[in-house]
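Colleague: For reference, the structure I am asking about is given below.
The values are calculated or read from the model by the stated rules, or taken from the named source; none is laboratory data. Only a predicted model underlies this, so the values are computations on that prediction, with no experimental measurement involved. Here Cβ is always computed from backbone atoms with ideal geometry, including for glycine, and neighbour counts include all displayed protein chains.
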Amino acid sequence: MSTTADTLAQLVNNTDQLLQTVTQVKQTFEQSKADAEAAAATSTTQAGISTAQATESSNQRLLAQQAKDQTDAIKSAVETLKDQTQAIALSGDVSYDPAANQAPLARSNGKIDPQWIQGAAYPGNAVDTSGAVTGALIPDNTQYAFTPAMARLFDVFIPETLTREIIVYEDGVQGIYITTDRKIRLNCYGVYETTARLPVYGDYVTIQLDRNDNQADTVTVFFMVNGLLFDTVKVSAFSDLYVRNLLNSTSGFLLLVSPGHSTLTNAGVAKVENPGDAIGLLRDLGPNGINAAQATATARPLLGRVPVGGRRNLWTYTEDLTNSVWEKTGVTVDPEPVLAYDGTKTAWVVREDTSTGPHRIARSGTTGNTRSTVEVKAFGRTEFDLSFYWNNGPLVGSFVVNLTDGTVISNSSNSFPVVEPLPDGWLRIGTGRDGMNGGNTTIYFEMSNAGNQSYTGDGKSGLLIRHPQYELNAHTDYQRVGATARDVTEPGVQDCYYAYFDGSDDILPFTVPAITDGTIILAGTKGIWIDSLTVSAGTFNLGPKTYTGGPGGILALVGDVIGMFIIGRAITAGEQTALINYFKGKGAPGYFEFDANLATNGTFDADTNWDDVDVGTGTSQISGGVLSVTGTDTSNRGIRRQAIATVANEFYFMEVESSISSGTLAMLANATSTFANSILGSTSAAISPAAFAFKAVGTTTYAFLYASGAGDGDFDNFTFRKITLNTGA
């Protein structure tokens with residue numbers, strides 16, 4: 001490190017020590033002030049104390065306050081000195097010493113050190129690449145045509161009041177930095193010093209740096225606030241960069257659902273911004289540029305976000321009590337929220353009117369083991385009643401809480417009250433009841449006056465209410481839900497962006513080359529599906545229920561789609577582990593595996609275990625290790641059936657091989673023994689093997705193999721397996 005750098009580092013260290021000393025002095029004065037105030041309070045209440053003593057105590061208090069003000073001013077000056085010292089360090093060329101764990105500070109009079117960007121290609125005119133590359137900062141007001149972020153490794157939102165410098169280095173080598181006082185969002189898929197591009201669009205800045213094969217996979221990104229280290233992020237071996245590089249010189253693509261990677265139209269116009277927006281274009285984050293583009297507006301999936309782990313709060317508009325979904329009786333809700341104890345404007349003033357009767361807001365919920373919570377504070381009314389009803393009928397449970405001390409004033413036998421103290425006089429109040437089945441529940445958040453829920457209001461008193469939650473089985477931390485189920489967030493929990501397919505006509509089409517013996521990894525909010533893939537060149541569809549060449553019902557299994565990776569070859573065990581970890585990092589809970597085969601005699605070695613339920617002149621027979629069926633139409637066809645024990649609400653996978661002489665063969669799962677009476681899943685056996693996933697609804701599921709109308713052919717190697725989620729690596 002240079003001598004100048006050593007001097008500056010020592011100066012920063014000295015100012016740190018001075019700041020600590022001043023802080024200690026400030027704490028001493030604050031204690032002195034507190035002691036003086038206590039003495040003054042005592043002196044004014046004790047009988048016989050002299051006026052002179054009280055005056056002396058008051059003077060002590062005044063001197064302590066003056067000393068505190070002076071200390072605050074000194075502390076502010078020292079903090080300014082430290083910032084200025086760091087700014088001096090940033091204004092010149094200072095080497096970076098990784099062994100000393102020092103934040104990188106290299107800078108050359110407002111320009112990027114040229115040795116780290118030789119051969120770089122910036123879009124627009126940020127850097128003149130026609131001759132020697134010298135590097136330059138991108139002005140804050142520069143805007144280029146939108147280039148999508150190559151991943152969602154990290155998203156950093158920067159307040160407009162701060163100046164943050166983003167410095168990138170690899171293996172101790174100084175990289176690039178951006179200085180901006182605008183609100184920006186940083187998306188980065190790799191942080192290496194070659195082929196750097198810095199596209200800017202609106203309020204977004206994207207860093208994209210390509211990786212060379214001989215470079216390390218782990219990189220650190222430093223975030224600087226006004227020259228001071230704010231945070232670091234490490235890019236691991238399972239980063240977006242790693243996944244992208246698997247596709248080098250190989251067919252395939254990588255999709256991640258995110259506002260930064262999609263647009264509202266298939267022509268790439270207007271970024272997708274909000275949950276509920278339709279996705280017209282989803283960009284390939286790999287090197288092959290295989291984007292998904294849907295020209296039909298009504299066939300576009302919707303953007304959604306949910307906390308990793310899923311949605312629990314089943315209500316919507318949880319931070320807008322003015323909305324009509326909240327039924328109001330004898331109350332009004334002020335048009336704007338006010339500050340709550342955590343400094344956010346999320347508290348709603350609910351005021352009673354002057355009517356005689358109940359004063360409340362209400363909301364219905366689903367059935368099951370119901371739980372409801374809400375945060376409440378007195379606003380004139382000091383009693384709060386939480387009640388719940390079943391099927392708009394009988395009262396199931398009710399209790400009243402004294403908001404001044406959190407005690408339960410009255411309680412019915414079925415209400416199971418939960419009262420949790422919060423700061424500034426707030427309480428989190430909850431209740432619940434198991435076995436609320438066969439109808440809907442209604443929750444009342446109600447005011448109470450001397451234990452009565454029916455009274456004449458005064459037109460001004462009320463309650464402060466926020467964070468209503470309705471869930472099943474247990475009381476959990478609050479989740480904010482917007483206008484739709486597509487917009488759910490939870491404080492302190494990572495957002496998981498996804499595409500919601502309606503299961504009817506929503507499709508994302510791609511134009512792909514032929515893929516033989518490739519691999520598909522489809523990640524959703526319920527899990528990751530991994531399978532082999534062979535498709536012809538042309539259109540490849542994701543949706544509405546599966547993907548081209550995939551088993552039926554797969555989207556129901558994986559849930560809302562987080563991302564998809566397709567590669568034109570088989571992957572190694574190590575690559576599979578890396579890809580599982582990668583998508584788990586994006587919000588998928590784990591990957592799917594199969595349990596043992598539950599079918600009996602699926603290889604048709606003997607004419608047993610399969611019920612003959614032929615209709616009309618249709619025939620079926622087991623011989624020579626296959627099941628043969630014939631049919632002429634739907635009234636005359638061969639059908640075989642097997643009953644298999646299942647667990648309700650669990651997913652299963654049916655698969656069979658077929659050889660068709662003519663017509664069509666098919667397979668279905670049924671909830672009853674009557675053919676096609678309650679179909680859970682089905683598929684044509686035109687492509688062998690044929691398969692689909694489905695959710696069982698009872699303890700027995702019936703598998704049918706049959707001729708679908710006019711058909712003649714054989715079945716073999718039938719399997720029926722439970723699908724389980726593996727949350728490990």
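Colleague: So which of T484, T476, T511 is assigned to a strand (DSSP E or B), surrounded by fewer than 20 Cβ atoms within 10 Å (Cβ to Cβ) and in contact (Cβ under 8 Å) with a residue 40 or more places away in the chain?
Modeller: T511
Colleague: Please find, within the range 456-473, the residue that is farthest from T329 (Cα to Cα) out of those that are of a type outside the set (A, V, I, L, M, F, W, C) and surrounded by 18 or more Cβ atoms within 10 Å (Cβ to Cβ).
Modeller: So the residue we want is E471.
Colleague: If G663 satisfies all but one of (1) assigned to a strand (DSSP E or B); (2) modelled with pLDDT of 95 or more, what's the number of the condition it fails?
Modeller: Just one mismatch for G663, condition (2).
Colleague: Next question, about the same structure. Inspect all residues belonging to the range 641-656 and state whether any of them is basic (K, R), touching a Gly at 6+ places or on another chain (Cβ under 9 Å) and part of a strand (DSSP E or B).
Modeller: Within the range 641-656 (the criterion being basic (K, R), touching a Gly at 6+ places or on another chain (Cβ under 9 Å) and part of a strand (DSSP E or B)), the answer is no, since none of the residues qualifies.
Colleague: Which residue is nearest to the chain's Cα centre (by Cα), if the candidates are limited to the range 487-505 and must be within 27 Å of E593 (Cα to Cα) and buried (at least 20 other Cβ atoms within 10 Å of the Cβ)?
Modeller: Among those residues, the one meeting the criterion is C496.
Colleague: Among (1) of a type in the set (A, V, I, L, M); (2) over 34 Å from the mean Cα position of the chain (by Cα); (3) buried (at least 16 other Cβ atoms within 10 Å of the Cβ), which single condition is M654 missing?
Modeller: The single condition M654 does not satisfy is (2).
Colleague: On to the next question. Condition first: modelled with pLDDT of 90 or more and closer than 20 Å to Q469 by Cβ. Can you find one or more residues in the range 407-416 that meet it?
Modeller: Yes, the range 407-416 has at least one match.
Colleague: Which residue is surrounded by the most Cβ atoms within 10 Å (Cβ to Cβ), if the candidates are limited to the range 530-572 and must be touching a Ser or Thr at 6+ places or on another chain (Cβ under 7 Å) and charged (D, E, K, R)?
Modeller: Filtering first and then ranking leaves D560.
Colleague: Further question on the same structure: If D517 passes every condition in (1) surrounded by fewer than 20 Cβ atoms within 10 Å (Cβ to Cβ); (2) among the charged types (D, E, K, R); (3) assigned by TED's automatic domain parsing to the domain that holds T296; (4) within 24 Å of P275 (Cβ to Cβ) but one, which one does it miss?
Modeller: It fails just one condition, (4).
Colleague: Please find, within the range 232-245, the residue that is modelled with the lowest pLDDT out of those that are in contact with a Phe, Trp or Tyr (Cβ under 8 Å, 6 or more places away or on another chain), within 19 Å of I520 (Cβ to Cβ) and not in a loop (DSSP other than H, G, I, E, B).
Modeller: Per the stated criteria, the residue is D240.
Colleague: Applying the selection to the range 610-648, what residues are out of contact with any Lys or Arg (no Cβ under 8 Å at 6 or more places or on another chain) and acidic (D, E)?
Modeller: D633
Colleague: Are there any strands (runs of 3 or more DSSP E) wholly within the range 539-623 with 1 or more residues that are under 22 Å from the mean Cα position of the chain (by Cα), and if so which?
Modeller: By residue number, 561-567, 591-597.
Colleague: Next question. Looking only at the range 578-593, count how many residues are among the acidic types (D, E) and crowded, with 20+ Cβ neighbours inside 10 Å.
Modeller: 0
Colleague: Next up: Quick check on the range 668-679. Is at least one of its residues buried (at least 18 other Cβ atoms within 10 Å of the Cβ), under 40 Å from the mean Cα position of the chain (by Cα) and in contact (Cβ under 8 Å) with a residue 40 or more places away in the chain?
Modeller: No, the range 668-679 contains no residue that is buried (at least 18 other Cβ atoms within 10 Å of the Cβ), under 40 Å from the mean Cα position of the chain (by Cα) and in contact (Cβ under 8 Å) with a residue 40 or more places away in the chain.
Colleague: Would you pick out the residues in the range 680-729 that are part of a loop (DSSP other than H, G, I, E, B), under 22 Å from N601 (Cβ atoms) and modelled with pLDDT under 95?
Modeller: The answer is A685, S688, P689.
Colleague: For the range 359-429, which fully contained strands (runs of 3 or more DSSP E) count at least 1 residues that are touching a residue at least 60 places away in the same chain (Cβ under 8 Å)?
Modeller: Correct list: 360-365, 368-379, 383-390.
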